[in-house]
Amino acid sequence: DKSSSYKKENCFISIHHLVHYKCRTMKLLLTFSFLVSLGAVNAAEDWYSLRTTFSLLPLTGFWSQPRLEKEARSEGYTKISDCSDGESFPGSRYIPNYDHPNIVLIYDVNGYIAGIQSIVDQDAWDNGYVNFHEKSMYQPSTINGKEVFLTTAYFVDPQIICSTGRTRYQYKTQGTGYTLIFQNGEDISQKNLMEIPLIEEDLKESDFWNEHLCFINMGKHYFNLHYDPEESCGNLFPVQLIYEEGFLHGFVWQHFGTLPGDLWEHPPALAISRIIKDPPTCILDAIATVGLSTMHVYFKNYLSICD
């Protein structure tokens, strides 16, 4: 009858609509999943943080550093140079107001973070392991009236720091930066710049960097060490690279000597054996005598685990 036919037709329409609804839902879910995965890739590439100093206890390390020049000023940082000074290092440069400042933060002409320097106090120069005067990564300078050596890393192309700088939009989307470049010489001419791959896979064929060990809340380390206990410390590059899930996660300054200041880490021999595969004997000897000073610099969340 008509009533039965009407019910059957409505039932058919309802099932048809249900199938259609499920199809649309599936398409929406697939689209959403794609956007989430795309966002995850972008998140893996954006550097949304700038922290220094590993610690076994979170409240005694992983210090957040100001990424805006105005924040540095409000936190009491002292400007030591700017673009008008014609220094070997471009940018407005600030040191924290400590008795023993360990870092210099570099900002571009628009006040956005552009790089960082580590300060090696002159008390560490004659340690018998590295001749700082002969290493181009170490550049002499004077800070607070004291002679020091500086090592320098840029998070943007150093050529733009004193020219265009970054825009607000670029800072908001890129965060701390978009590259890692070390100044291995007295100025920022191209021959003195060492650019680091952002993707770990691109580092695999390097003759300079070798994969070492992963450590919780640090990441996977790369050194210019070749798994030889007899290797000389005189050739050790003052930087470690750290990767997490295939992407550059940050880096580590490393210097022989027990440098003063709260931002330095002084790893014991046991920790070194968990970070360096077949560590050179000279590093273990240095730890037992003059000491070793390191500083992790993070571009993202420091929380990480190892496989």
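The values are calculated or read from the model by the stated rules, or taken from the named source; none is laboratory data. Fair warning: this is a prediction, and the values are worked out from it, not measured in the lab. Here the Cβ positions follow ideal geometry from the backbone for every residue, glycine too, while neighbour counts run over all protein chains shown.
So which pairs qualify, if the first residue must be in segment 60-84 and free of Cβ contacts under 8 Å to residues at least 40 places away in the same chain and under 15 Å from Asn102 (Cβ atoms), the second must be of a type in the set (A, V, I, L, M, F, W, C) and surrounded by fewer than 16 Cβ atoms within 10 Å (Cβ to Cβ), the Cβ gap must be under 8 Å, and the two must be at least 6 apart or on different chains?
none
Can you name the number of the only condition in (1) closer than 22 Å to Gly61 by Cα; (2) hydrophobic (A, V, I, L, M, F, W, C); (3) crowded, with 23+ Cβ neighbours inside 10 Å that Phe223 fails?
Only one criterion in (1) closer than 22 Å to Gly61 by Cα; (2) hydrophobic (A, V, I, L, M, F, W, C); (3) crowded, with 23+ Cβ neighbours inside 10 Å is unmet by Phe223, namely (1).
Taking segment 159-180, which residues are hydrophobic (A, V, I, L, M, F, W, C) and outside any loop (DSSP other than H, G, I, E, B)?
The answer is Ile160, and nothing else.
Just to check your reading of the model, which residue among Leu303, Leu248 is more than 23 Å from Asn131 (Cα to Cα), touching a residue at least 12 places away in the same chain (Cβ under 8 Å) and not assigned by TED's automatic domain parsing to the domain that holds His100?
So the residue among Leu303, Leu248 that is more than 23 Å from Asn131 (Cα to Cα), touching a residue at least 12 places away in the same chain (Cβ under 8 Å) and not assigned by TED's automatic domain parsing to the domain that holds His100 is Leu303.
Look through segment 213-254, keep the residues that are of a type in the set (S, T, N, Q) and part of a loop (DSSP other than H, G, I, E, B), and return whichever of them is modelled with the highest pLDDT.
Taking the candidates together, the pick is Asn224.
Out of contact with any Leu (no Cβ under 6 Å at 6 or more places or on another chain) and at pLDDT 95 or above: does that describe Gly257?
So Gly257 does not fit the description; no.
Among (1) surrounded by fewer than 15 Cβ atoms within 10 Å (Cβ to Cβ); (2) in a loop (DSSP other than H, G, I, E, B), which single condition is Val109 missing?
Among (1) surrounded by fewer than 15 Cβ atoms within 10 Å (Cβ to Cβ); (2) in a loop (DSSP other than H, G, I, E, B), the lone unmet condition for Val109 is (1).
Quick one: count up the residues across segment 74-89 that are assigned to a helix (DSSP H, G or I) and surrounded by fewer than 16 Cβ atoms within 10 Å (Cβ to Cβ).
Number satisfying all stated conditions: 3.
Could you give every pair whose Cβ atoms fall below 8 Å, whose first residue belongs to segment 282-293 and is in the same structural domain as His226 (by TED's automatic domain parsing), and whose second residue is surrounded by fewer than 17 Cβ atoms within 10 Å (Cβ to Cβ) and assigned to a loop (DSSP other than H, G, I, E, B), counting only separations of at least 6 or pairs across chains?
Hits for this filter: Cys282/Ser232; Ile287/Pro268; Val290/Gly128; Gly291/His266; Leu292/His266; Ser293/His266.
If you take the residues of segment 181-212 that are charged (D, E, K, R) and not in a loop (DSSP other than H, G, I, E, B), which of them is surrounded by the fewest Cβ atoms within 10 Å (Cβ to Cβ)? Step through it out loud before you land on a result.
Here is the first cut: in segment 181-212, the residues charged (D, E, K, R) are 186-187, 191, 195, 200-202, 204-205, 207, 211.
Those still in the list that are not in a loop (DSSP other than H, G, I, E, B) too: 191, 195, 200-202, 211.
Values: Lys191: 7, Glu195: 11, Glu200: 20, Glu201: 10, Asp202: 12, Glu211: 17.
Here the residue is Lys191.
Go through segment 129-155 and give me each residue that's surrounded by 12 or more Cβ atoms within 10 Å (Cβ to Cβ), in contact with a helix residue (DSSP H, G or I) (Cβ under 8 Å, 6 or more places away or on another chain) and in a loop (DSSP other than H, G, I, E, B).
Hits for segment 129-155 are Tyr129, Val130, Asn131, Tyr138.
Sort out which residues of segment 112-128 are in a loop (DSSP other than H, G, I, E, B) and at negative phi, and write them in order of number.
Trp125, Asp126, Asn127, listed by residue number.
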